[in-house]
Structures are given as C-alpha cells and as structure tokens.
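Data block below; observations after.
The values are calculated or read from the model by the stated rules, or taken from the named source; none is laboratory data. Owing to the predicted nature of the structure, the values given are computational and were not obtained by experimental measurement. FYI the Cβ positions are ideal-geometry reconstructions off the backbone, even for glycines, and counts take in every protein chain you see. We work out accessible area using only protein heavy atoms, side chains counted, and drop any ligands, DNA or RNA first. Shrake-Rupley method; radii C 1.70, N 1.55, O 1.52, S 1.80 Å.
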Amino acid sequence: MLNRDIVDSILTLTSNPFIGLFIGLLITAVIQSSSTSTAMIVAVVASGSIGLSEAIPMIMGANIGTTLTSTLVSLSFITKGNEFRKAISAGVVHDFFNIFVVIILFPLEYYYGLLSNLATGFSSRLVGTTFINLQTELSYSVFTKPIITFISDLFPYPLVLAIVAFSFLAISIKVLSKFLYRSITGGSKEILKRYFFGGPYKSFFWGLFLTAGVQSSSVTTSVIVPFVATSKVSLKQAFTFILGANIGTTITALIAAIFKSEAAISIALVHLFFNLIGVLIFLPFPWLRQLPVIVAKEFGRMAMNYRITGFVYIILTFFIIPFLLISFNNESQTNRELTYRISTDGVENSYFKKVTIKSTEGNPLSHWFVYDELSTKEQVKNTPSKVFEVSRKNKRIIFDTLTFRVGKINDCLSGYVGSVEYEICLKNISKNFSFNETKLDSLYLYEMVKQDGSGSSTQFLIDVEKNILVMKEVFVNDSLIYEERIIQVNPAL
C-alpha cells in the first residue's frame, strides 16, 4: 500500500487530465519503455490509489513518451548527412502518429468518456468468465534483473548511469538491427522488402508479431530506424510496421492486468483501444497514412539543415514542457477542508468527520480525502479512511460510485452499488441556502431508492456548481436513521 504522502502527490498531480498526460509522457521518456510504465499504471490502478479517469491520460502520455527511444537512436546518424535526414524522419514519425491520435481521442475521452466507457464495458464482461480468475497470483523473475542491479551499483551517479544506459541502448539496437537484417534476409534488400514490407498490412502484422514477442515497442521501432536511414526500407513502409508495434506493445499491460482487478483490466483495455482506434483511423486510408509520414519528412529536412533541431525537439517535448506544466499545476492546487456532523440517533449522539478536497481551479475533477469519524472537532487523523473522486461530465456529477443527473425535476438514473440496483431521481431545486455565513445557491435534492424491497432510501442535497455534498439523510421505512450535514468550510466558499 502507498502511504498518504505518496497518495496525496499522485492524486494532486493526476487530478488534472492534461497534467496526467504529461506525467505519463515524462515517466515513459525516463524509463524508455511504455510497456513498463503502463504495467506500473495498471498496478497503481489495481491498488485503488488512482482511478480510471486519472490513469487514461497517463496511458496516452506513455504512448508519446515511448517514441523518445527511436528519436534518440536516430541522432546516432547525425554526422552522416542524408542518412541522418532519413533516420530522424523514421524516429519522429512514431511521435507524430501518437500526437495525432492524442489530439483526436483526448477530447473525446475528456468530454464523452469514449475510452473509459469502452474499457469498463468490455472488462465487466471479461471478469467472471472461465478464463480470467482475479484471485490468481502471478510470480516470475526476470533474468536481466541481476545484470541491471550490477550495472547500477557500478555507476552510483544518476547522470553517469543515464549516459551509460543510453550508450548501451544505442549500441544494442544497432547490433540487433544488423543481426536481424543478415539473419532473416541473408543481407538481401529485396527479400526484406518482399517478405516483411511487401505491403502495408504485411509490415503491420510483422510489427505486431515482433513487438508482442519482445514486449517492447521501443526496441522494435528503434530497430527500424537504421533500415530507413540506409534506404533498405522506405519511411512509408516503416510507418505501417510501427502501427503494428503500437498494438503489440499492449500485450504486456494486458498480461499484468489479468491477475489484478477489474479496474486494472479496464486500464489495460484502454491502452489497447487507444492504439487500436489510432490504427483503424490511419491504416485503412492511404491518404491519412501519408499525413504523419509527410510531417516526419519535413521535420527530417529541417533537422538536416539545422542539426540542433533534433536536440531542441527532444529536450522541449519530453522533458522541459512536462516539467514546467507539472510544476505549474502543483502550485495552482487548492485545498479546502469540510467538516460534517454525523447523527445516528438524534443530535445527542453525534460526531464529526473531516474531508479535504484537492482540486485545480477550472478543473471539473477533484479528490476527496475522507478522514476517520471524529468524536470531537479537534481530533485529526493522519491517514484518510477513504479517497474518491468527484467529477462532472455530460451534465452529470459523479460522487464516488454514484451518478447524479444535473437536469430537470423528476429526471432519474439507474445504476448498481455492488449487486444492489438503485434509482436516483432529482426531486427539487432550491437556492439561497446558508450556514455560518456561507451561501450556496445551486442546490439539487436527489432521492436514491434501492430496488431490493428493503424500504431503504437516501436523500442527497448537492451544490452542483461547487460539486459539494451539503447533506445526506438515510431512511428505512420512512424513519430517519442517519444524517450527515455540512457545518463548516475552511476556507469559506
């Protein structure tokens, strides 16, 4: 389990989806593997530390961050004139493809929840089937781990270790590309083009197959760079191979997710659907396939004329811009503390609880850190008993696992909490509610009725402009058994 400081840091940064995008980009750029970073995100989602909505932008960013490796490899041709132009074009075509897909899918996810709805729908059908058992434990060891540990011990300074790691990476990719070229083609350019790049779909499936085998698109997309640089393969042919690699790299996250939870399966499916939709947009249409290739070629020409362009592009895109945005977002975070009075049997038997809200101004997503029930106002617990998100999307407010429609009176929504079905209806809209000199003027009263015949119902009074729960009352057969009412906001609204 993650401690409170780490949870706070993660949720504070990822509460803004734009920052989550750059966090995923930065993490992947640093560790040079989208397979590893997405597997890490799957693990964090499985632990419950972050939700699906925060993880999706990070997955998108990871797809951009993984392209750094091939761009770095292309810089090894910087002294070779025309070869460098082709190499840098092959290195950045993957960047531009993923950037275009993010431009298309990010707003669709942000406003309509495209990827999250697809993923949760599929994961709910997968869980419980005979071939997925979430209770299964997977344990394995990686034979390269002792080698990595040994090298890390030899170079205790991070900067030196990074330089050594990149040097090994560049050398190994060059050796691997030469080995593959000679072993699978016998050194024949014609065999390479005929059997591996003879058509867009043939090269696509080879990219998918090889990347699924090595579980790293960073390796396979980087191996293709020397092929393009030395004119063994055209950039157009290499691009469809890269599209296949984008699908193949999702295998690692899917394997990691199967043994975790339904939420983990959902985020792994998001990774798959993001790449799959991108392929379906570009691969079937030759004129669309040309777009990233044309942009990459133009970038290659500019980089050949101004060699500093490649370095500036890498430093700005993968490091400086993400660092600046993350730092700025961290400074713009606002915290607000709410105090609620809880009554279970009249006011005499009441106690208090505190909620810390972390949010960014203008962002429709905030996180609620709910602290243990307090016998007095002065008692403050160090660890939240519950952390959940409050978001607003498509005229709906989502509190934890419940969804409320911001519409007309008597509008209703149905859903489930666990296996229990419920219906939430808007009963009233009121204004000018005040307490302790705090005024709330967009109050919606909702009634949730469980459909299990228990006679249990709950009323929620919500400020839909500030996304704050003002009051909650639980009834059984019309008798009030629980009341939760806000009594203090600090700082005042």
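Can you tell me which residue is modelled with the lowest pLDDT among those in segment 51-60 that are open to solvent by 10 Å² or more (accessible area, probe 1.4 Å) and of a type in the set (A, V, I, L, M, F, W, C)?
The residue in question is Leu52.
Taking segment 445-483 on its own, how many of its residues are part of a strand (DSSP E or B) and in contact with a Ser or Thr (Cβ under 8 Å, 6 or more places away or on another chain)? Spell out the reasoning first.
Start the filter on segment 445-483 by keeping residues that are part of a strand (DSSP E or B), which leaves 445-450, 456-463, 468-476, 479-483.
Cutting the leftovers down to in contact with a Ser or Thr (Cβ under 8 Å, 6 or more places away or on another chain) gives us 445, 447-450, 463, 472-476, 481-483.
So the answer is 14.
Given the structure, is Ser76 open to solvent by 30 Å² or more (accessible area, probe 1.4 Å), small (Gly, Ala, Ser) and in contact (Cβ under 8 Å) with a residue 40 or more places away in the chain? Explain how you work it out, then say what you get.
Numbers: open to solvent by 30 Å² or more (accessible area, probe 1.4 Å): yes; small (Gly, Ala, Ser): yes; in contact (Cβ under 8 Å) with a residue 40 or more places away in the chain: yes.
Taking the combined requirement at face value, the residue satisfies it.
What number goes with the only condition from (1) of a type outside the set (Ser, Thr, Tyr); (2) open to solvent by 10 Å² or more (accessible area, probe 1.4 Å); (3) at pLDDT 85 or above that Val92 does not pass?
(2)
Only residues in segment 437-456 that are among the aromatic types (Phe, Trp, Tyr) count as the first member; pair them with residues that are open to solvent by 50 Å² or more (accessible area, probe 1.4 Å), Cβ under 6 angstrom, at least 6 apart or cross-chain, and list the lot.
Every condition considered, the pairs that remain are Tyr444/Ile429.
Against the condition touching a Pro at 6+ places or on another chain (Cβ under 7 Å), part of a helix (DSSP H, G or I) and without any contact (Cβ under 8 Å) to a residue 60 or more places away in the chain, how does Thr309 come out, does it pass? First the steps, then the outcome.
Numbers: touching a Pro at 6+ places or on another chain (Cβ under 7 Å): no; part of a helix (DSSP H, G or I): yes; without any contact (Cβ under 8 Å) to a residue 60 or more places away in the chain: yes.
Answer is no for this residue.
May I ask you to verify whether Phe319 is closer than 22 Å to Leu26 by Cβ, open to solvent by 70 Å² or more (accessible area, probe 1.4 Å) and at pLDDT below 85? Write out each step before concluding.
On the way: closer than 22 Å to Leu26 by Cβ: yes; open to solvent by 70 Å² or more (accessible area, probe 1.4 Å): no; at pLDDT below 85: yes.
No: the conditions fail for Phe319.
For (1) surrounded by 18 or more Cβ atoms within 10 Å (Cβ to Cβ); (2) closer than 28 Å to Phe274 by Cβ; (3) at pLDDT 75 or above; (4) more than 25 Å from the chain's Cα centre (by Cα), each residue gets a yes or a no:
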position: Lys145; (1), (2), (3), (4): no, no, no, yes
position: Gly187; (1), (2), (3), (4): no, no, no, yes
position: Tyr195; (1), (2), (3), (4): no, no, no, yes
position: Ser203; (1), (2), (3), (4): yes, yes, yes, yes
position: Thr220; (1), (2), (3), (4): yes, yes, yes, no
position: Ser234; (1), (2), (3), (4): no, yes, yes, yes
position: Asn246; (1), (2), (3), (4): yes, yes, yes, no
position: Thr249; (1), (2), (3), (4): yes, yes, yes, no
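Of the conditions (1) without any contact (Cβ under 8 Å) to a residue 12 or more places away in the chain; (2) surrounded by 12 or more Cβ atoms within 10 Å (Cβ to Cβ), Ser434 clears all except one; give me its number.
Only one criterion is unmet by Ser434, namely (2).
Looking only at segment 233-253, which residues are touching a His at 6+ places or on another chain (Cβ under 7 Å) and under 13 Å from Leu208 (Cα atoms)?
Our first condition is that a residue be touching a His at 6+ places or on another chain (Cβ under 7 Å); within segment 233-253, this holds for 242, 250, 253.
Hits for segment 233-253 are Ile242, Thr250.
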